[in-house]
Amino acid sequence: MKNKVLSLERQMASRFHISHSSRRHLSKPERIRQACKQLSILGCLLVLAGCASSKTNSAMELIQHQQEQQALLRQHEADTMQKNAPSEPKVMLAMIRESQQQQRYFASLAYIDAYAREYGDSTELAALRANALRMTGQAAQAQAAYQALLDTNEAATGWHGLGLLAAASGNYTQAATDLGKAAALRPTDAEYLNDLGFARVQSGDLAGARLPLGQAAELAPANGKILANLALLLLLQGDAGQAQTVMDKAQLPQTVRDQVYRLAGEWRMSSHAAAGAQTAAAYGSHAASASPVDTAYGGTSAMPSASARDQSASRPIVTAANDEARSGSSIASPVGFHQTPLTGGFGHAPLIR
């Protein structure tokens, strides 16, 4: 456009020169009209030149503005990527959690030590360490680690761990108390509620077990262990039909259903034995052979000894899963607590009650 204007200017200059040379032959009015015409054409050319220059400047400004916007966008993207990129401590914490999810608790202890040496300790790291110590069979160290969490923001983890340690030692009343404190701090944690409910079943508090197990089942409707525990509770309370409905909806395999029924039968036998032991103690160790207790046991010779009665009364209500854990079986029970220590202290398959 600018080149065209320059060409027209040259042409006009040439014409103006010719006209000027021949102007002497024209009358005065004609010379005035010709001069006005030339001035008008020259004005148009100047306007066209100004427009071309304005358009060129506007285009350059637009390109420069677009370049600035693109640079700002690239800088924003770079800042966002740098902000969202995981730092090395976060990557190591994720590695620790992953190793524990894979039941590699011994490896997680090594990662925890490496993290603490590199970045220092933290409450979150202490909670992971406490769980790893318990799951690797280091009960004393785990108990100390859990107790250290009780005055921190990981108090729920501390109470939960102490409850599971108490359950592992057979103190289900204390376990139910500790697990109740953990569930109160995390009331929507299905695993905490499940463990609380099962501890109450183990301690004989069937009525108290119904609420946490019912809550856990509705919070985690796809968790087979929770639903198996709920079905067990319903059987123990005499509601076989509802127990069957729960197992059907959960689509529990037949092997799991068989174990639920077996544990329910074991509980009845244990509770009957405990009731018989308490009745025998009420009548005294030298009761007459014709007493109702002697008759129930088939005579004095069939009466359990005092030590046998004490042993029966001290056993938990549901023992099969506990016996499997203590025997070193590598088969996890589908009923009970969510986590128990690893097999034999060195295996990778967890024994879950």
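For the reader, a short list of remarks on this structure follows.
- Residue in the range 106-129 that is of a type in the set (A, V, I, L, M, F, W, C), without any contact (Cβ under 8 Å) to a residue 40 or more places away in the chain and closer than 29 Å to Asn229 by Cβ present: yes
- Top-ranked residue of the range 213-245 - restricted to ones that are under 23 Å from the mean Cα position of the chain (by Cα) and of a type outside the set (A, V, I, L, M), ranked as nearest to Trp267 (Cα to Cα): Asn229
- Of the residues screened, Ala240 is not one that is crowded, with 20+ Cβ neighbours inside 10 Å, without any contact (Cβ under 8 Å) to a residue 60 or more places away in the chain and among the small types (Gly, Ala, Ser).
- For the range 168-201, the candidate set comprises residues that are hydroxyl-bearing (Ser, Thr, Tyr) and over 19 Å from the mean Cα position of the chain (by Cα); within that set, the residue that is surrounded by the most Cβ atoms within 10 Å (Cβ to Cβ) is Tyr172.
Since every read-out is calculated from the coordinates, none of them should be taken as a lab result. Just so we're clear, the structure is a prediction, and the values are computed from it rather than from any experiment. Neighbour counts are summed over all protein chains in view; Cβ atoms, including those assigned to glycine, are modelled from backbone coordinates with ideal geometry.
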